[in-house]
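Reviewing the structure listed below.
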Amino acid sequence: MTAINEVIPHPLDNQLESAIDEFLTNTGDPEAEATVEPRREPFRIQDDGAASWAMNRLNDVRAEVASKRLYALEQIERVQIWLDAEIGRHANRDAFFVNILEDYARRQRESANRKTINLPHGKVTSTATQPKWEVNDEVFLAWAHKNSFGDLIKVTEEPKLAEMKKLLQQSETRIINVATGEVTVTTSNKAVVLGTDDVVDGVVILPPRVNITVKTEADQEKPKPKGATL
């Protein structure tokens, strides 16, 4: 009887390594060795059976990566717990020394105008900030409008994409085959005003694309250690 996690051999496995080597070579993998052999046809899936084999092997790869990632996260969590404990153990002493150094720096700045105090093991620097303006937007805007201070109000302009899609359209060119009467429609990436040929400046319409998602059983979310990311 075959174990649940045992990889069952498949006839396509014989082509797998050479297909991967060819793929890495053609995509410029830095670790792939240069070859002078004639370029082979790329490995391609021809039916659902081969697709199922490929998905099964991909699942094995991702499961292995997920296992390694989980192990790494567990080790990171252990180190993080240790580090947090060490930081907490020294936090009070850190705060004490920072407090007395800041107090000394303030008194030195006031009495001797010393902005930087160089010491054998570091330095203490004091800087003065500019006045900070806190503005209540709603209250100020109401006051500015009431007292005719419109110059103090910034007006932001931006295109209304939803409205643009109603009034503009993608430029089309229609070609009629005189012999057959067949109409061929080609589009460009330009936008025109609806019902006209007036090109709109500053707008490019990109063609739609098909997005492919490959998701295996190993991609299912699994519980991760608290606070650890990888």
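The values are calculated or read from the model by the stated rules, or taken from the named source; none is laboratory data. Since the model is a prediction, treat every value here as computed from it, not as a measurement. No Cβ is skipped: glycine too gets one built from the backbone with ideal geometry, and neighbour counts run over all protein chains shown.
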Here are Leu194, Leu168: which of them is touching a helix residue (DSSP H, G or I) at 6+ places or on another chain (Cβ under 6 Å) and surrounded by 10 or more Cβ atoms within 10 Å (Cβ to Cβ)?
-> Leu194
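Just checking, how many residues over the range 170-192 are touching a strand residue (DSSP E or B) at 6+ places or on another chain (Cβ under 6 Å) and either charged (D, E, K, R) or at pLDDT 80 or above (or both)? Outline the logic, then answer.
Narrowing the range 170-192 to residues touching a strand residue (DSSP E or B) at 6+ places or on another chain (Cβ under 6 Å): 170-176, 183-192.
If we keep only those that are either charged (D, E, K, R) or at pLDDT 80 or above (or both) as well, we get 170-172, 174, 187-192.
Summing the residues that are touching a strand residue (DSSP E or B) at 6+ places or on another chain (Cβ under 6 Å) and either charged (D, E, K, R) or at pLDDT 80 or above (or both) in the range 170-192 gives 10.
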Output the number of the condition that Lys123 fails; it satisfies all remaining conditions of (1) surrounded by 10 or more Cβ atoms within 10 Å (Cβ to Cβ); (2) assigned to a helix (DSSP H, G or I).
-> (2)
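In the range 94-105, is there at least one residue being touching a residue at least 12 places away in the same chain (Cβ under 8 Å) and in a loop (DSSP other than H, G, I, E, B)? Give the derivation first.
We begin by selecting, within the range 94-105, every residue touching a residue at least 12 places away in the same chain (Cβ under 8 Å); these are 101-102, 104-105.
Okay, now just the ones that are also in a loop (DSSP other than H, G, I, E, B), so none.
There is no residue in the range 94-105 that is touching a residue at least 12 places away in the same chain (Cβ under 8 Å) and in a loop (DSSP other than H, G, I, E, B).
Within the range 135-165, track down each residue that is among the small types (Gly, Ala, Ser) and surrounded by 10 or more Cβ atoms within 10 Å (Cβ to Cβ). Give the derivation first.
Narrowing the range 135-165 to residues among the small types (Gly, Ala, Ser): 142, 144, 148, 150, 162.
Correct list: Ala142, Ala144.
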Residue tally, condition surrounded by 10 or more Cβ atoms within 10 Å (Cβ to Cβ) and closer than 18 Å to Met164 by Cβ, over the range 198-218 = 5
Checklist (1) part of a loop (DSSP other than H, G, I, E, B); (2) at negative phi applied to Gly181, failing item | (2)
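Which of the residues belonging to the range 30-63 are assigned to a loop (DSSP other than H, G, I, E, B), surrounded by 15 or more Cβ atoms within 10 Å (Cβ to Cβ) and at pLDDT 75 or above?
Phe43
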In the range 83-95, anything closer than 19 Å to Leu119 by Cα and either under 36 Å from the mean Cα position of the chain (by Cα) or modelled with pLDDT of 95 or more (or both) is listed as none
